Amino acid sequence: MNTSLLIESVRVRFPDAVSASHAYRGDATVVVVPKYVLEVARFLKEDPALQMNYLMDLTAVDYSTFGKRPAPAFFASSGVAVRPSPEIPDEDPWPGPPDQSRFALVYHFYSTTHKHRLRLVTPVDEADAQVDSVTSLWPGADWLEREVWDMFGVDFRGHPDLKRILMYEGFDGHPLRKDYPVNKRQPLIGPTN
Amino acid sequence: MEPTPTPETTRTESEPAELETRDMLLNIGPAHPAMHGIVRIVTKLDGEQIQEAEVEIGYLHRGFEKMAETVDYNGVIPYTDRLNYVSPLINNMGYCMAVEKLLGISVPERCHYVRVIVSEISRISDHLTCVGASAMELGAMTVFLYMVKAREYLWELVEKVTGARLTVSYCRVGGVKADLPEDFAEPCRKAFEETRKVLDEAHGLLTRNRIFVDRMSGTGVISAEDAISYGITGPFLRASGADYDVRKDCPYAVYDRLPFDVPVGSCGDNMDRYLVRMEEMEQSMRIVEKALGDMPPGAVQVDPETGRPIPAAEMVDLAKVGNIAAISGGCAVTGPTLEGSGRSQHPAIAADEKRVFLPPKEDTYGNIEGLMSHFKLVMHGHGVRPPKGEVYFPVEGANGELGFYVVSDGGGNPYRVRVRPPCFAIMSALPKLLTGGMIADMVPTFGSVNMIGGELDR
Amino acid sequence: MNTLNDTSFLTSRLNEAIGWARKYSIFQYPFVTACCGMEYMATACSHYDIDRFGAGLPRFSPRQADVLFVVGTISHKIAPVLKRIHDQMADPKWVVAFGVCTCTGGFYDNYATVMGIDTIMPVDVYIPGCPPRPEMVLDGLMKLQDRIQAQHTTGNRPTRETRPDIFNA
């Protein structure tokens with residue numbers, strides 16, 4: 001099924017869940033309101049025309065500093081006029097992060113029967129960082145959701161055992177958030193730096 | 001997990017009636033000889049049978065995704081080497097193809113062939129390591145030594161092309177670092193001859209070996225539907241019967257033009273996985289041989305005026321005095337580090353996009369346009385700047401589908417780089433694989449998982 | 001065994017003999033975590049044989065090993081485990097930091113990595129490289145053998161109290 005048909009079939013079935021969609025660089029993407037995630041995922045898995053039997057990946061992006069980093073100009077202090085090199089232009093640009101929420105959960109689905117892929121993006125607000133867990137549909141989501149919790153702090157309702165997976169118990173904070181500095185260490189033994 | 005008393009039915013006749021037995025918690029801890037890499041498996045045992053197992057990972061978490069946000073797009077490539085460190089070229093290729101998809105550029109055909117060739121060589125060395133290590137854990141130390149011998153031949157081959165044995169950083173965004181050396185086909189043929197000999201010996205030692213077959217058959221069974229629901233891909237899935245290979249189903253680079261077969265097993269036990277990996281090595285060699293034959297020819301390195309190559313120092317001196325005419329068509333002879341990346345090979349290995357790929361050194365040192373485009377790509381504050389966007393690009397890693405999800409905000413550093421690690425899914429299914437089996441079956445099962453810590457924990 | 005103040009002929013010959021015997025029968029504990037493990041395997045196998053130095057048999061129990069090869073990046077999660085293994089080894093023991101991640105942390109300067117295992121345990125030989133070529137490993141091993149011969153164990157190092165003359169300022 002090609003990308004526009006895929007997006008249409010989801011949009012037609014869930015008109016109030018899908019808030020946006022695009023096919024940037026050929027990747028079919030739908031943006032879904034958080035409370036419908038489990039329903040849409042179930043539809044994707046069970047509908048015979050889509051049959052997305054694989055949950056390939058579940059991750060999150062922290063959009064809090066998107067587009068806000070200034071390009072550091074190496075010679076700025078010496079007075080040499082430096083303009084950052086222009087971006088490679090794009091005829092069909094990306095619409096940008098889903099909305100003003102801090103996090104966006106990204107699900108990648110694949111179907112082995114129809115050989116098509118779909119990306120599902122869900123904006124998650126920092127204040128209410130909670131989404132339904134899809135472990136009932138795909139047991140592989142268990143560890144993926146634990147990793148998102150560990151790295152970003154997004155909670156999953158209905159997850160059997162949400163605890164840290166990559167970091168250790170005494171670690172405080174969520175490392176992949178943009179406000180966690182890269183080399184802030186919390187060693188169990190040994191010096192901090 | 002708390003130990004629970006076993007019910008009365010499991011006691012033998014000779015034991016007195018009031019003997020209480022409890023399950024034992026055995027911690028197969030992070031540092032263990034039979035575990036390649038560091039992972040902790042806490043098992044609850046009833047005698048020799050595993051009742052429950054819990055896997056704890058994260059002992060090699062090195063913050064790849066966080067580090068990728070602090071360096072520029074080409075600077076992420078050394079970090080990708082160390083993800084699946086037994087097949088680093090596949091990771092490099094996956095990341096570079098993801099960023100090229102984001103940029104919307106395509107590389108020349110010869111570059112695709114070169115990438116495919118080195119990826120398949122990397123895949124062979126991964127499977128050699130996996131089969132060798134799992135054979136060693138079952139006691140077949142000889143097989144391990146033979147396979148590492150074959151791997152050394154392949155690593156010497158990789159060293160001829162890239163300069164390093166293991167952590168290569170060979171691909172660049174928009175191409176590869178250097179072309180294959182001119183005399184590549186002959187050492188490649190010899191290395192494959194040695195590898196085939198080693199594979200024959202390994203087959204002879206293992207495939208019908210009573211002990212090996214007894215330990216591997218029927219252990220660690222998983223059905224194809226269960227494997228798919230856990231997100232397992234690669235040889236592990238194909239051994240269970242499902243035929244999904246990214247190279248066939250979603251072809252990239254030039255895989256659609258190269259004929260090869262994908263071995264698919266039937267029972268989903270460890271023996272099938274071993275046989276699938278052995279056969280995949282043979283198919284990879286077949287791909288490389290066909291690709292070497294089909295590749296568009298590379299460039300020839302001579303000066304158009306004299307017919308001989310120009311030494312690099314001479315070329316720079318001529319450029320400094322402004323004698324551009326004498327060096328305009330030529331290509332310099334440089335030392336081993338820059339071999340293969342000269343001006344004549346440049347169109348074959350690099351996308352024709354000067355905002356992405358560095359110019360050849362003859363242009364950098366020879367004329368001002370080359371110097372400027374080098375500056376614009378390397379200096380702080382400049383560099384490769386893809387447009388704002390997000391892409392996902394899957395390649396077939398040695399363990400399964402290795403996907404890179406790259407988000408760009410238009411700046412010089414990637415905004416988010418996510419690796420979809422193939423062995424993460426397999427490890428999450430490990431409790432299911434181990435439960436019900438015996439503690440000794442854990443060794444071949446874990447060996448056939450081919451857990452690579454760098455990829456699992458990133 | 002304090003050899004620094006011993007000057008008689010027989011005991012110094014005996015020390016040399018013991019040093020000779022120790023350096024050619026190294027029982028190593030390879031604590032392998034990451035990519036350097038691949039080069040460790042390559043060094044230990046037939047092409048760049050480590051067995052000809054007498055160091056070919058890895059003892060997979062720290063209580064039976066002399067030399068702790070720390071191979072590969074050490075993260076903060078595994079650091080307490082590593083320290084415990086080092087403490088479980090009996091004297092005389094030596095530690096080899098294999099690979100730049102164990103020497104100084106490598107290019108993983110982030111929240112998860114220990115920037116050099118010498119922050120948590122004393123190290124005898126540093127083998128840098130990412131990963132080090134097998135020839136470098138063998139060179140490091142020979143330096144370790146020199147150190148073993150001279151009987152400078154990590155427990156026996158000159159300290160500020162015993163040798164104030166060599167600790168300046």
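Only the coordinates and a few stated rules stand behind these numbers; no lab work does. Everything numeric in this text was worked out from a predicted model, so none of it was measured. When we count neighbours, we look across all protein chains shown, and the Cβ atoms used for this are built from the backbone with ideal geometry, even at glycine.
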Notebook entry, point to check: Based on the mean of other beta carbon atoms within 10 Å per residue, what is the order of B:405-416, B:248-259, C:66-77, A:46-57, most packed first?
Noted result: C:66-77, B:405-416, A:46-57, B:248-259
Note to self: Over the Cα atoms of the stretch C:26-154, what radius of gyration and what Dmax do you get, in Å?
What the structure shows: 13.4, 40
Check: Which of the aspartates and glutamates could a cross-linker bridge to B:LYS190, judged by Cα under 18 Å and excluding same-chain residues fewer than eight apart?
Finding: B:GLU120, B:GLU152, B:GLU156, B:GLU159, B:GLU182, B:ASP200, B:GLU201, B:GLU282, B:GLU289
Item checked: Hits among lysines - C-alpha to C-alpha of B:LYS197 under 19 Å, sequence gap 8 or more where chains match -> B:LYS149
Next item on the list: Using amide H atoms built 1.01 Å from N in the peptide plane, name the residues 5+ places from C:MET89, or on other chains, whose amide H lies under 5 Å from its own.
Entry: none
Check: Just the projected area, averaged over all directions, of the convex hull on the alpha carbon atoms of chain A: how many nm²?
Finding: 14.8 nm²
Note to self: Using a 10 Å cut-off around each Cβ of peptide B:215-224, what is the average number of partner chain Cβ atoms that fall inside?
What the structure shows: 0
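For the protein assembly as shown, state the semi-axes of the equivalent ellipsoid (square roots of 5 times the eigenvalues of the alpha-carbon gyration tensor), sorted largest first and rounded to whole angstrom. Mind showing how you got there, number by number?
Numbers: eigenvalues 339, 287, 163 Å².
Computed over the protein assembly as shown, the values are 41, 38, 29 Å.
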Note to self: Going by Cα centres, the stretch A:154-193 and the stretch B:215-265 are how many Å apart?
What the structure shows: 34 Å
Item checked: For A:ASP142, B:ASP261, order by how many other beta-carbon atoms lie within 10 Å, fewest first -> B:ASP261, A:ASP142
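With 32 Å as the limit, write out which pairs from B:LYS160/B:LYS432; A:LYS68/C:LYS83; B:LYS101/B:LYS320; A:LYS178/B:LYS376; B:LYS66/B:LYS354; B:LYS66/B:LYS376 have Cα-Cα distances beyond it, or answer none. Walk me through the intermediate numbers first.
Details: B:LYS160/B:LYS432 43 Å; A:LYS68/C:LYS83 43 Å; B:LYS101/B:LYS320 39 Å; A:LYS178/B:LYS376 27 Å; B:LYS66/B:LYS354 28 Å; B:LYS66/B:LYS376 25 Å.
The pairs that break the limit, which is 32 Å between Cα atoms, are B:LYS160/B:LYS432; A:LYS68/C:LYS83; B:LYS101/B:LYS320.
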Next item on the list: Would you tell me the mean number of C-beta atoms belonging to other protein chains that fall within 10 Å of each C-beta in A:55-63, as a whole number?
Entry: 6
Notebook entry, point to check: How would you rank A:182-191, B:59-68, highest first, on the average number of other Cβ atoms within 10 Å across their residues?
Noted result: B:59-68, A:182-191
Check: How high is the relative contact order of chain B, in percent, counting Cα pairs under 8 Å that sit 6 or more residues apart?
Finding: 24 percent
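How big is D, in µm² s⁻¹, for the stretch B:310-378 by Stokes-Einstein at 20 °C and 1.002 mPa s if Rh is the Kirkwood radius over C-alpha pairs? Mind dumping the intermediate values first?
Values: Rh = 12.2 Å.
It comes out at roughly 175 µm²/s.
Sort B:114-124, B:134-144, B:424-434 for me by packing, meaning the mean count of neighbouring Cβ atoms within 10 Å per residue, highest on top. Could the numbers behind the result be given before it?
Working: B:114-124: 26.2, B:134-144: 19.6, B:424-434: 23.5.
Result, highest mean first: B:114-124, B:424-434, B:134-144.
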Check: In terms of modelled amide H atoms, which long-range or inter-chain residues lie less than 5 Å from the amide H of A:ASP155?
Finding: A:GLN130, A:VAL131
Notebook entry, point to check: How many angstrom separate the Cα center of the stretch A:5-29 from the Cα center of the stretch B:72-89?
Noted result: 33 Å
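Kindly state, to the nearest 0.05, the FRET efficiency for B:ASP294 paired with B:MET24, given R0 = 56 Å and r defined as their beta-carbon distance.
Numbers: r = 58 Å, r/R0 = 1.04.
Taking R0 as 56 Å, the efficiency between B:ASP294 and B:MET24 is 0.45.
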Check: Could you put B:CYS171, B:CYS267 in order, starting from the residue whose Cβ has the fewest other Cβ atoms within 10 Å?
Finding: B:CYS267, B:CYS171
Next item on the list: Could you tell me the distance between the Cα centroids of the stretch C:1-80 and the stretch B:423-442, to the nearest Å?
Entry: 33 Å
Margin query: Cut-off under 18 Å on the C-alpha distance; same-chain residues fewer than 8 positions from A:LYS115 excluded. Which aspartates and glutamates are left, in chain and number order?
Written below: A:GLU8, A:ASP27, A:GLU46, A:ASP47, A:ASP57, B:GLU225, B:ASP243, B:ASP245, B:ASP249, B:ASP256, B:GLU396, B:GLU401
Notebook entry, point to check: In terms of modelled amide H atoms, which long-range or inter-chain residues lie less than 5 Å from the amide H of B:ILE310?
Noted result: B:ASP303, B:CYS331, B:VAL333
Checklist line | Inter-chain shielding of C:40-53 (mean C-beta neighbours from other protein chains, 10 Å cut-off) | finding: 3
